[in-house]
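A.B. asks: Got a structure for you, questions after.
The values are calculated or read from the model by the stated rules, or taken from the named source; none is laboratory data. The structure displayed is predicted, hence computed values, not measured ones. Cβ: placed from backbone, ideal geometry, glycine included. Neighbour counts: every protein chain shown.
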Amino acid sequence: MVLDRLPLTYDECRARFRMSCADAGFDVEAHAIDATGPEGQQLSVDAAMIGVGPPDRALIVMSGVHGVEGYIGSAMQCDLIDRLRSSPLPDGVAVLLLHAVNPWGMAWWRRQNESNVDLNRNWNRERIEPPSNPGYEEVHPFLCPDTPEMPTPESFLDRSRVLVEQQGMAWIQAAVSGGQYTHPDGLYFGGDRTEESTRIVASVVAERLGGVASSFCVDLHTGHGAPGTYTILSDSPPGSELDGWLATHFEAERIEATVDNPGATTAHKVGQIGHGLAEILPSSTHRSVTLELGTVSDTRMVLAGRAENWVHHHGDRGSAEGRAAVWANRLCYTPDDPAWAHQSLAHGRAVLDTALRSVVGASGERERGT
Ligand SMILES: [Zn+2]
């Protein structure tokens, strides 16, 4: 399928994904969620398992974990399907595509899901001890104010400037985006139970890939890094086994550790899906990364996310003000720019091809004890 422009809606993404699979002869399973779309339409996480026979090693590719970031991820999955159609996988290799992990967020143009939850802070929510984030307690009142009028950018920038001077930029970044479990109306909320999408991913992966010897999960995202660039976010710290493995397969300067705390022995964000999958693939050498495509500045991103969150909780998404805020936020994650889309698709193709080669070449990894 030739992609002349990025799909604008969840429905369009899903239709293209299912059509790409049908054209290639790949089966798709739809896993419906309870929440519905803006037109009352049913929403689902769609899963396509590609490969012949029981798999020994697998590439897992997820799109739309943060709904509004998912349109380019969906296009990358369709692009990969087209290539797999013309070059079949070797025996024992499977590719599992999970399309629109957060279909509600994709349909409503929100990063969060139907419960205002950031799904990448939600893995196994009942079983994790949610980390405290005292910094978030300090920023929440002016990050997500409960005001009758939409808060101005200045009301955030003025307060955050003071905190940056007092605590430093890294402190405020960690406070805002590190994840929090105390404010259900806030940003980066990890939820109070394991969400439906998270449970669907866990059950599909367990059913389809239980028993594989090696697995590599690439979770497709946008919004981190300089505009037009891409970054591979490792879920392990520099110097770790994963860090070395990634450096042998990908361009080393593109790899960045998702560090929770300086000096931490683990770098993953608590509740991350790709990382959590290791728990349900106990026989597998499991690795996971996030592919991030840079879009706009962090300041623009946080201001747009803040305004959209205010509209969602306190305003009217259907008003002119509400629609403008929702659209502005969407543009921060998926720029309306064909050059960006073209470049991002090329980045995605390069990363997914490299990821697939690394999985194909992983035969015998368990035997070698690596
Ligand atoms: Zn994301």
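A.B. asks: Got a sec? Which of 199, 208, 287 is away from the ligand (no atom under 16 Å from the Cβ), closer than 22 Å to residue 92 by Cβ, within 16 Å of the chain's Cα centre (by Cα) and not in a loop (DSSP other than H, G, I, E, B)?
C.D. replies: Every option except 287 fails the conditions.
A.B. asks: Residue 331 - would you say it is without any contact (Cβ under 8 Å) to a residue 60 or more places away in the chain and either assigned by TED's automatic domain parsing to the domain that holds residue 248 or closer than 23 Å to residue 74 by Cβ (or both)?
C.D. replies: yes
A.B. asks: Of the residues in the range 291-307, how many are among the hydroxyl-bearing types (Ser, Thr, Tyr) and away from the ligand (no atom under 11 Å from the Cβ)?
C.D. replies: 2
A.B. asks: Does residue 120 qualify as being under 30 Å from residue 205 (Cβ atoms), assigned to a helix (DSSP H, G or I), touching a residue at least 12 places away in the same chain (Cβ under 8 Å) and out of contact with any Lys or Arg (no Cβ under 6 Å at 6 or more places or on another chain)?
C.D. replies: Here the answer is yes, as residue 120 does meet what is asked.
Residues checked against (1) within 16 Å of the ligand (Cβ to nearest atom); (2) surrounded by 15 or more Cβ atoms within 10 Å (Cβ to Cβ):
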{"position": "90", "(1), (2)": "no, no"}
{"position": "93", "(1), (2)": "no, yes"}
{"position": "98", "(1), (2)": "yes, yes"}
{"position": "102", "(1), (2)": "yes, yes"}
{"position": "125", "(1), (2)": "no, yes"}
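A.B. asks: Considering only residues that are of a type in the set (S, T, N, Q) and crowded, with 24+ Cβ neighbours inside 10 Å, look in the range 55-88 and name the one that is farthest from the ligand (Cβ to nearest atom).
C.D. replies: 77
A.B. asks: Of the conditions (1) farther than 30 Å from residue 186 by Cα; (2) touching a Cys at 6+ places or on another chain (Cβ under 8 Å), residue 347 fails just one. Which one is it?
C.D. replies: (2)
A.B. asks: Sticking with this structure for a sec: List every residue pair whose Cβ atoms sit under 6 Å apart, with the two residues 6 or more apart in sequence or on different chains, where the first one lies in the range 351-370 and is of a type in the set (Lys, Arg) and the second, anywhere, is at pLDDT 95 or above.
C.D. replies: 366/213
A.B. asks: Let me ask you something else. Pick from the range 211-225 the residues that are under 18 Å from the mean Cα position of the chain (by Cα) and away from the ligand (no atom under 16 Å from the Cβ): which of them is surrounded by the most Cβ atoms within 10 Å (Cβ to Cβ)?
C.D. replies: Within the range 211-225, the match that is surrounded by the most Cβ atoms within 10 Å (Cβ to Cβ) is 215.
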